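Structure record follows, encoded as structure tokens.
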């Protein structure tokens, strides 16, 4: 047997943390076991003789593998299995590229006349009918994106959902999601959607003052902050799940403590239906004071957790495969053009196909290019972060050179990433233990 290429031993106070990037498992070990592991990485029989239980744990959790076991191949084979998942279809629909707000960091061009025409709605329905009739998928996850998808709720979203009812909600498991600023949400819309048990992603950009500057409906119009929080709470009270996305910059981050004050009167039941996650606005470049920013972020995440909110850790949301890498994931724009990624402009350069009237998709050469670059260059394949970072998503690979680290990580950056992952795992494990204790006490 041999030690894994993806294991790291790090000091943690008086003890050590042993972590494996491939299996995403960590364990705390004392000085004796840490020294035993370090001194005998090439002579594993000594570990087996001196600490058989420890050796068994290492073997069971991927810290030690068989001599002929190809870890790199196992990682990529796992990705391929995930990407080729034939049971779930992911369909994102952009009813429009227009939006009632103008956030400064938004990368999209807001076409005021961009609205999905009836012919495209019909083609979307034909596409979904074909997928259901084919009997291939057990579930179809439908996401409405944009632009602001609620701008044309009655003209686009509702007609599609009504047709899905006719296709048959008993033949596959349908899930429904909206990425929305929530300002156009009404009680009537929420009540219509409630039987679908939808989920929502809704963004808050800072405290009330900052949010109202970023998300403005226009000159002399009321602020959107209180409205957004009110609509989030309405959804939670109706037991619909909400992911609250905190978009921050180095200048705005610390003011999110004010947001916690405004959310503190959420009931325990309401908090059960929501999670929060911090996302740095992509235009906000790194500064010389990144360590201070990380400390502020750690403080805020801890504060929200202490207040009973489920916080998605910085690395947790990155561990899984990107939706754009999956074979059975498409984005249908309002004009019938088909894409794979929602994090880039919906233009001719990024277009990968076209939805035609009969519900079929004509793919172009860019789609094939994406498929060919999904599984990393040689630099990524030899990196300790391979299983965590994936070498970036296929969009990164399409846009970047074929050699070198696409994420620009130094060796120090890699170790920082691993430290953050260990921290996130510890928090998740602690929450599970606390949840079990509460369940046992009830």
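Quick notes on this structure:
- Residue in the range 59-72 that is free of Cβ contacts under 8 Å to residues at least 24 places away in the same chain and more than 30 Å from residue 371 (Cβ to Cβ) present: yes
Yes/no per residue for (1) touching a residue at least 24 places away in the same chain (Cβ under 8 Å); (2) buried (at least 16 other Cβ atoms within 10 Å of the Cβ); (3) assigned by TED's automatic domain parsing to the domain that holds residue 118; (4) more than 21 Å from residue 177 (Cα to Cα):
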position: 302; (1), (2), (3), (4): no, no, yes, yes
position: 353; (1), (2), (3), (4): no, yes, no, yes
position: 370; (1), (2), (3), (4): yes, yes, no, yes
position: 373; (1), (2), (3), (4): yes, yes, no, yes
position: 391; (1), (2), (3), (4): no, yes, no, yes
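- Taken over the range 406-442, residues that are at pLDDT below 90 and either within 22 Å of residue 6 (Cβ to Cβ) or in contact with a strand residue (DSSP E or B) (Cβ under 7 Å, 6 or more places away or on another chain) (or both) amount to 6.
- If you go through the range 393-413 and keep only what is touching a residue at least 40 places away in the same chain (Cβ under 8 Å) and more than 20 Å from residue 21 (Cα to Cα), you end up with 394, 395.
- Scanning the range 169-188 for residues being in a loop (DSSP other than H, G, I, E, B) and under 25 Å from the mean Cα position of the chain (by Cα) gives a total of 6.
- For the range 304-316, filtered to residues that are part of a helix (DSSP H, G or I) and surrounded by 13 or more Cβ atoms within 10 Å (Cβ to Cβ), the residue that is modelled with the lowest pLDDT is 316.
- Total residues in the range 101-129 satisfying the condition of being more than 18 Å from residue 143 (Cα to Cα) and in a helix (DSSP H, G or I): the figure is 2.
- Taken together, 291, 296, 340 contain a single residue that is loosely packed, with under 13 Cβ neighbours inside 10 Å and either touching a residue at least 40 places away in the same chain (Cβ under 8 Å) or over 30 Å from residue 133 (Cα atoms) (or both), which is 291.
The values are calculated or read from the model by the stated rules, or taken from the named source; none is laboratory data. Being a predicted model, the structure only gives us computed values, none of them experimental. With ideal geometry, Cβ positions are generated from the backbone for all residues, glycine too; neighbour counts draw on all protein chains shown.
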